[in-house]
Every structure is written in structure tokens, then in C-alpha cells.
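Let me begin by presenting the structure, written as C-alpha cells, before commenting on it.
The values are calculated or read from the model by the stated rules, or taken from the named source; none is laboratory data. Quick caveat, the model's predicted, so the values are computed rather than measured. Here the Cβ is made from the backbone with ideal geometry for all residues, glycine too, and neighbour counts use every protein chain on show.
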Amino acid sequence: MYKGEYIALFNDKELLTKEKDSYGATHAEVGGWFLEEALLPEEIVFPVYYHHDLEKIEKHKGIALAVALAEALVSKFSSNTTSDGIYNEEIEQTLLSLGLKEKDIEDIGELIEVEQENIRTFFGL
């Protein structure tokens, strides 16, 4: 699959299902396998592998939650071409219960807006 085709797939709400159908694995699984083969520690491998499937992770769940929440924040403040996360009321309540304030979330949004073009350039989007 070419870059343009994958970017179109990336913007789909059913990304993980379509990745599984097209490639036999999701980007989270492939990322986890790659990091495992690169001999990175499980503290890094597990959160990448499970960041879309937090119910299944048994070790290093806090790090995986941080990855998922960060991805959700990027999703809230940028286009789908830079994130496949989902931001909703449940995510916002989780962030607030973890101690973030509305102002913190707004500040993160401003930083994401500033860095968005750099992110797109870095990933060739």
C-alpha cells in the first residue's frame, strides 16, 4: 500500500480493523514487534503494543495509558493525519481526574498547534 492510500486509511474511524484486514496486523502490533526485535525493554514495548487495547495490558499499564492519553490530546487539537487517537468526554474526565486542569489542556493544545507543522514535516504527512 502506498503512502496516499495509507493516509486515507489512517483517517478512517475503523483504522485498526482496516489495518488488520489489509495487513494482518495493526500499527500498534507492528510497532510492538519492531521494538521487541530491536531489544527495547518491555516498559517501552508493551505500551506501544497495547496503546489501543488498554484492557489487555497487564504490565506497564500506566505508561500505556499515558501514550493513549497523549494521542487523544493530539487528536483533540489537530487533524486526523497526525493522530489516530480519540478524544471524548471520558478521556477528558480521565485527564481531569489525573490532576490536569482545563487551562493545562488548553496550554497543551496551543503547543500542539505550534508544533503541528513540524510533526507533519517529520513524518512526511
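Residues of region 19-73 that are buried (at least 18 other Cβ atoms within 10 Å of the Cβ), among the acidic types (D, E) and at pLDDT below 90: E19, E71. Of all residues in region 112-125, those that are more than 11 Å from S78 (Cα to Cα) and either over 17 Å from the mean Cα position of the chain (by Cα) or loosely packed, with under 11 Cβ neighbours inside 10 Å (or both) total 5.
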